[in-house]
Structure formats: C-alpha cells, structure tokens
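Some notes on the structure that comes next.
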C-alpha cells in the first residue's frame, strides 16, 4: 500500500510538471498581443459600373496614397476585365490589389497586412494565389469567399521587422446571378505598423458597385 501511494504521488507530480511545461510552451508560442495606440479609418474609394452583358475590358485604376505618422503607403485596385461566363449566372470581374508601404521612423517596422473582402451571399471571391507577389511579407492564411458566405480574407505578416513591404494579389469576383442583378463588395486593406514608439493601424476601404440591368 505504501509503495503504491508513493508511485501515485510520483505519477501525479510528473503529470503536474508536464502540465506546467505545456502551459509555459503554449504561452511562449502564442502570438503576442498588440495594443493599438491609433486606429485610422481612411475614406472609402468607391467605384460604380454598369454590369456588362458581354466580355468587357475595363482597365480602371483606383488609387489612394497615405503619408502620416511615419508611414508612407499607396493602395491600388486595378479592375482589369469583366468576363461573361458559360451560363447566364456565372460572370466574373478580375481585380488586382497592390499595396506598398514604408515606415520612415527609426526602429519602425510593418507588423502585418490584412485584406478582408465583405461581399453579398450571391457572389464569390477567389484569391489567385499563383499570381500573388509578396516582398518582405509571408502568407499566413488565405480564405476564399464562397456562395452564402459574407467574407473572404488574406493574412500577411511582416518578415524580420521589415520597414518596407510590397504586395500584389489577384482575385476573381464571381457574380452568380442573372445580369439584371446588382452586387456590391467592400475590400478593406489594413496595415498595422510600429512607428518607433507605438503600434498604429490604418484601414483603406474600396467599395465596388456592379449595377445590374434590371
């Protein structure tokens, strides 16, 4: 009985040590929490287009520059082509999002870049990862926006506390309705950066309105 009691105590002690080690490792490996000192929402850049009834070259470029708080950034959204699908309910718009950003302050760096597409439930967003170009950024996650969902997103992380990043991401916005139906999507581009003393965040929204013939 005494030996079994001693074994139980040793076993319990071993479990306690293992559990404590797991907790320590979990805390050490968890992403550190960032406190945002300043959160800036920029004015949305809106684009409205009559939904075509055939293949159409659009070639429109939306642009928004930003320079404040030690950060210089430019956001470009290129609307290249509207392509009519094989059926009456599968048209799609090809878009390319480009972001360039630099932190000019000493010891400043880009922490991360997030792209979130807020869409209606009758369209899809397909990120074309094969056409991604990332400089000083690593891809953390990329989630397409499927039928009935309301969001699609891309998560990027700055590499080695880089002070300058560049990204180009291509996507297809699929409209799964007849030509008479209107659609809207908002693409929010978020940059979190450290300016040498604090973390700041800026968000640049783009709003695309495709007006149906009805």
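Gyration tensor over the Cα atoms of segment 36-187: the corresponding equivalent ellipsoid has semi-axes (square roots of 5 times the eigenvalues, largest first) of 31, 16, 14 Å.
Going highest first, how would you order 53-66, 153-166 by mean Cβ packing within 10 Å?
Answer by packing, highest mean first, reads 153-166, 53-66.
Would you order 174, 91, 120 from fewest to most other beta-carbon atoms within 10 Å of each residue's own beta-carbon?
Values: 174 23, 91 26, 120 16.
With the fewest neighbours first, 174, 91, 120 line up as 120, 174, 91.
Applying 0.36 nm per residue to the separation of residue 121 and residue 86 and subtracting their alpha-carbon distance, the gain on full extension is 10.5 nm. For segment 58-105, the square roots of the Cα gyration tensor eigenvalues, ordered a ≥ b ≥ c, give a/c of at least 1.5 with a/b greater than b/c, which places it in the prolate category. Each label was represented as a point 7 Å from its Cα along the Cα-to-Cβ direction; for residue 38 and residue 203 these points are 1.8 nm apart. Ordering 132, 92 from the fewest to the most neighbouring beta carbons within 10 Å gives 132, 92.
Available extension along the chain between residue 141 and residue 60 is 26.4 nm, counting 0.36 nm per residue and deducting the alpha carbon span.
Counted by neighbouring Cβ atoms within 10 Å, the residues 102, 48 run from fewest to most as 48, 102.
None of the figures in this text is laboratory data; all of them are computed from the coordinates on show. Predicted model only: the values in this text are computed from it and were never measured. Here Cβ is always computed from backbone atoms with ideal geometry, including for glycine, and neighbour counts include all displayed protein chains.
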